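Heads up, the thing below is written out as structure tokens.
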Amino acid sequence: MKISGMRMREKLIVRVIARALIPFILLFGLYVQFHGDFGPGGGFQAGVIFAAGFVLYGLVFSLADLQRVVPWPVVELGVALGLLLYGGVGVASLLLGGNFLDYKVLDSNDAMQGLHLGILLVELGVGLAVSSSMLAIFYAFAGRREAR
Amino acid sequence: MLPSEFLLLLFLAITAVVIARLEYLFAAAMLTGIFSLLSAGLFTLMDAVDVAFTEAAVGAGVSAVLMLGTLSLTVREERQGKTRILPFLIVGLTGGALFFGTLDMPLYGDPAAPIHQYLAPDYIAGAESEFGFPNIVTAILASYRGFDTLGEVAVIVTAALGVMALLASGRGQEEAGDK
């Protein structure tokens, strides 16, 4: 990305700091994803934070570098898989004899375990769908820019 | 209301006016990020931490980047038009009507407000024992209102699909863009 005449990849300080920060951003995203039951956050926030880490990489280095890490097909797959995972949990609970999205039937022995499993999977689906969607939108915009 | 909330609200209003007045769109796009960050601070002060989280991540993080991405496809300066009175009147009237509408709303944090009378007490009383974890927001989003959240995810996926269909027309163009 070009900002004020100078290419971002030539900016040493930005590059070094981004490189140091990105692992922590991704780790924080995972923390928000899996700690959403106890602290603020959940799949949606985690997905956005996770995508923001990748977007930062794409801004500081280049879109081509980012697409080597996360190729287009992976993003497309993630968008669909996230929604499918959420809906799939609903269908699974239907097939196990409960109502749609009734997580308690997911574990035949312990309803509480089933509840937690269902919420974990559903939040994972939200996180996957949101982070992939954010990346897809970023790719679409940035890809057009680099195509010009 | 606490003074710090007033201060944030004041900054929020100033930022909004500056965004509207600025002709240099690059700075305006950056300021929308600051606007979101201030909103996130306001939400935190009002104890809506999950909302603040979303606002900070989406508004201050991703949408500012998307706005910059859009800018790089168009011009950076707003075209100077002459000030027109009719749009100003319409916006002013709509804003005034909205302000008038808030007069009927219950006060912020009023425990007697209708929204706190129905369902919410059950959620607050039941969530922790029913789910075994303390974040009621997660319990509501993922379970009590699981169907709504499924719809929201579908909306986000649809938005992504729409953008992909409109802007990323074919992977051939993507690969051409890489070179």
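The values are calculated or read from the model by the stated rules, or taken from the named source; none is laboratory data. Treat the numbers as computed from the prediction; the structure is a model and nothing was measured. Note that we place each Cβ from the backbone using ideal geometry, even for glycine, and neighbour counts take in every protein chain shown. Only protein heavy atoms, including side chains, enter the accessible area calculation; ligands, DNA and RNA are left aside. Shrake-Rupley method; radii C 1.70, N 1.55, O 1.52, S 1.80 Å.
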Check region B:83-105 and report whether any residue there is of a type outside the set (Phe, Trp, Tyr), open to solvent by 40 Å² or more (accessible area, probe 1.4 Å) and touching a Gly at 6+ places or on another chain (Cβ under 9 Å).
no
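Residue by residue, here is whether (1) among the aliphatic types (A, V, I, L, M); (2) under 26 Å from residue A:42 (Cα atoms); (3) away from chain A (no Cβ under 14 Å) holds:
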site: B:73; (1), (2), (3): yes, no, no
site: B:76; (1), (2), (3): no, no, no
site: B:87; (1), (2), (3): no, no, yes
site: B:97; (1), (2), (3): yes, no, yes
site: B:114; (1), (2), (3): no, no, yes
site: B:123; (1), (2), (3): no, yes, yes
site: B:127; (1), (2), (3): yes, yes, no
site: B:132; (1), (2), (3): no, yes, no
Within region A:131-144, is even one residue open to solvent by 50 Å² or more (accessible area, probe 1.4 Å), within 9 Å of chain B (Cβ to nearest Cβ) and touching a helix residue (DSSP H, G or I) at 6+ places or on another chain (Cβ under 6 Å)?
yes
Here, helices (runs of 4 or more DSSP H) confined to region B:35-124 with at least 1 residues that are closer than 21 Å to residue A:137 by Cβ are B:49-54, B:64-71
If you go through region B:93-103 one residue at a time, do you hit one that is touching a Ser or Thr at 6+ places or on another chain (Cβ under 9 Å) and of a type in the set (Phe, Trp, Tyr)?
no
Scan of region B:139-166 for residues that are polar (S, T, N, Q), under 19 Å from the mean Cα position of the chain (by Cα) and crowded, with 20+ Cβ neighbours inside 10 Å, ordered by number
B:149
I'd like to check something: does region A:89-98 contain any residue that is surrounded by fewer than 17 Cβ atoms within 10 Å (Cβ to Cβ), touching a Phe, Trp or Tyr at 6+ places or on another chain (Cβ under 8 Å) and more than 10 Å from chain B (Cβ to nearest Cβ)?
yes
Could you please find all residues in region B:125-160 being modelled with pLDDT of 85 or more and part of a loop (DSSP other than H, G, I, E, B)?
B:145
Residue ID - surrounded by the most Cβ atoms within 10 Å (Cβ to Cβ), chosen from residues in region A:21-36 that are of a type in the set (A, V, I, L, M) and within 13 Å of another protein chain (Cβ to nearest Cβ)
A:32
Take residue B:54 and tell me if it is farther than 19 Å from residue A:39 by Cβ and either of a type in the set (Val, Ile, Thr) or open to solvent by less than 40 Å² (accessible area, probe 1.4 Å) (or both).
no
Are any residues in region B:10-19 more than 17 Å from the chain's Cα centre (by Cα) and either over 22 Å from residue B:42 (Cβ atoms) or open to solvent by less than 80 Å² (accessible area, probe 1.4 Å) (or both), and if so, which ones?
B:18
If you scan region A:73-86, which residues turn out to be at the interface with chain B (Cβ under 8 Å from one of its Cβ atoms) and open to solvent by 20 Å² or more (accessible area, probe 1.4 Å)?
A:76, A:80, A:83
Collect the residues in region A:99-124 that are more than 7 Å from chain B (Cβ to nearest Cβ) and under 30 Å from residue B:166 (Cβ atoms), keeping them in residue-number order.
A:124
Flagged pairs (Cβ under 9 angstrom, 6 or more apart or on separate chains; first in region B:113-129, without any contact (Cβ under 8 Å) to a residue 40 or more places away in the chain; second open to solvent by less than 90 Å² (accessible area, probe 1.4 Å) and of a type in the set (Asp, Glu)) are B:116/B:110
Within region A:107-121, is there a residue that is in contact (Cβ under 8 Å) with a residue 24 or more places away in the chain, under 19 Å from residue A:70 (Cβ atoms) and either crowded, with 18+ Cβ neighbours inside 10 Å or touching a helix residue (DSSP H, G or I) at 6+ places or on another chain (Cβ under 6 Å) (or both)?
no
Any chance region A:81-97 includes a residue that's under 30 Å from residue A:19 (Cβ atoms), in contact (Cβ under 8 Å) with a residue 12 or more places away in the chain and out of contact with any strand residue (DSSP E or B) (no Cβ under 9 Å at 6 or more places or on another chain)?
yes
Is it the case, given these coordinates, that residue B:71 is closer than 23 Å to residue B:31 by Cβ and open to solvent by 70 Å² or more (accessible area, probe 1.4 Å)?
no
